[in-house]
Amino acid sequence: MSVVRIEHVYKDYLLGDQKVQALKDITLSFDPGVFLAIAGPSGSGKTTLLNLIGCIDAPTSGRIYINDADVGGKTADELADLRNRAIGFIFQTFNLLPVLSAAENVEYPLLQRRDVPPGERRKRVDHFLDVVGLSRFAGHRPNQLSGGQRQRVAIARALAILPSIVLADEPTANLDHNTGEEILALMKDINRAFNTTFIFSTHDDRVIAKADRLVRVEDGQVSVLGVRADDKWYLVRQTADGQAAADGLET
């Protein structure tokens, strides 16, 4: 089973009277438990691709499957429910609610879940704050936390819904070098411990260095697929039918 499957996806935007094609015929499939980086220059389409996977946006054409379920045709409420059950989000700017404590921020997405009673909510909040090493900061508000601590709260919030996928949009961009390394190491540890799929949109070579899969996007198209094995990158090309063709390169 693929955790994400994308079939011949195009995404167009209108810029005034001009149509801009952000993505062109994207076909990809990701297995559960991958630690995957979507990389590319600004304007390449990588954030658009991440938004489509997160069901924040919809393709102009083509199909997207999350856990083998076609998300096309779902209502806004159905997509919101899917996100709240299957997809955790980690943002560059943390997106924490400033009036809530760390614990309340982690709990917030669970308040929309009728299937998670108060006792289970508290249990998850305590558990995931412990996972990210912030148990003793549970009562602190975001303005009382460092950048790295805020990102740890954001990670705990993403994990609290028990997602199959965590999407991270430039999660290290607003962190200093050492804090960024710590956050990446934490996410990699979580990936291994819980088999949670992590998909990053990133410019950061440190993220790519820790990834086990790489999708490089240029001008709205997949230019390179990479697979890490035996601590080496094996690069493959994306063919016209979306399949991976070995090009004999290693890095």
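The values are calculated or read from the model by the stated rules, or taken from the named source; none is laboratory data. Bear in mind that the values here come from a model prediction, so they are computed numbers and not experimental data. All Cβ positions, glycine included, derive from the backbone under ideal geometry; neighbour counts span all protein chains shown.
Scanning region 5-48 for residues that are aliphatic (A, V, I, L, M), in contact (Cβ under 8 Å) with a residue 60 or more places away in the chain and either within 20 Å of Gly73 (Cβ to Cβ) or touching a helix residue (DSSP H, G or I) at 6+ places or on another chain (Cβ under 8 Å) (or both) turns up Ala22, Leu23, Ile26, Ala37, Ile38, Ala39. Would it be correct to say that Ser101 is out of contact with any Leu (no Cβ under 7 Å at 6 or more places or on another chain) and over 18 Å from Ile199 (Cβ atoms)? For Ser101, the condition - out of contact with any Leu (no Cβ under 7 Å at 6 or more places or on another chain) and over 18 Å from Ile199 (Cβ atoms) - is met.
Of all residues in region 71-91, which are in a loop (DSSP other than H, G, I, E, B) and either surrounded by 18 or more Cβ atoms within 10 Å (Cβ to Cβ) or without any contact (Cβ under 8 Å) to a residue 40 or more places away in the chain (or both)? Even if it seems obvious, please write down each step before you answer.
The initial filter retains those residues of region 71-91 that are in a loop (DSSP other than H, G, I, E, B), namely 71-75, 91.
Residues satisfying the conditions are Val71, Gly72, Gly73, Lys74, Thr75.
If you take the residues in region 159-178 that are in contact with a Phe, Trp or Tyr (Cβ under 6 Å, 6 or more places away or on another chain) and of a type in the set (A, V, I, L, M, F, W, C), which one is surrounded by the fewest Cβ atoms within 10 Å (Cβ to Cβ)?
Going residue by residue through region 159-178, those that are in contact with a Phe, Trp or Tyr (Cβ under 6 Å, 6 or more places away or on another chain) are 159-160, 166-169.
Imposing the further condition that a residue be of a type in the set (A, V, I, L, M, F, W, C) reduces the set to 159-160, 166-168.
Values: Leu159: 21, Ala160: 24, Val166: 24, Leu167: 26, Ala168: 26.
Result: Leu159.
Quick check: is even one residue across region 107-127 in contact with a Lys or Arg (Cβ under 8 Å, 6 or more places away or on another chain) and over 14 Å from Ala160 (Cα atoms)? Looking for residues that are in contact with a Lys or Arg (Cβ under 8 Å, 6 or more places away or on another chain) and over 14 Å from Ala160 (Cα atoms), one finds none in region 107-127, hence no.
Table: residues versus (1) surrounded by 20 or more Cβ atoms within 10 Å (Cβ to Cβ); (2) within 28 Å of Asp205 (Cβ to Cβ); (3) free of Cβ contacts under 8 Å to residues at least 40 places away in the same chain.
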{"residue": "Val99", "(1), (2), (3)": "no, no, no"}
{"residue": "Arg136", "(1), (2), (3)": "no, no, yes"}
{"residue": "Ala154", "(1), (2), (3)": "yes, yes, no"}
{"residue": "Gly180", "(1), (2), (3)": "yes, yes, yes"}
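For region 100-145, the set of residues classified as of a type in the set (Ser, Thr, Tyr) and part of a helix (DSSP H, G or I) consists of Tyr108, Ser135, listed by residue number. Residues that are surrounded by fewer than 18 Cβ atoms within 10 Å (Cβ to Cβ), under 21 Å from the mean Cα position of the chain (by Cα) and not acidic (Asp, Glu) are absent from region 12-22 altogether. Within the option set Phe94, Phe128, being at positive phi and among the aromatic types (Phe, Trp, Tyr) holds for one residue only, Phe94.
For region 42-54, the candidate set comprises residues that are assigned to a loop (DSSP other than H, G, I, E, B) and at pLDDT below 95; within that set, the residue that is surrounded by the most Cβ atoms within 10 Å (Cβ to Cβ) is Gly45. Return a yes/no flag: does region 112-119 have any residue that is buried (at least 17 other Cβ atoms within 10 Å of the Cβ) and touching a residue at least 12 places away in the same chain (Cβ under 8 Å). Checked against the condition, which is being buried (at least 17 other Cβ atoms within 10 Å of the Cβ) and touching a residue at least 12 places away in the same chain (Cβ under 8 Å), region 112-119 yields no hits at all. Selection within region 165-199: residues that are assigned to a loop (DSSP other than H, G, I, E, B) and either among the basic types (Lys, Arg) or under 24 Å from Gly45 (Cβ atoms) (or both). The member of this set that is farthest from the chain's Cα centre (by Cα) is Asn174.
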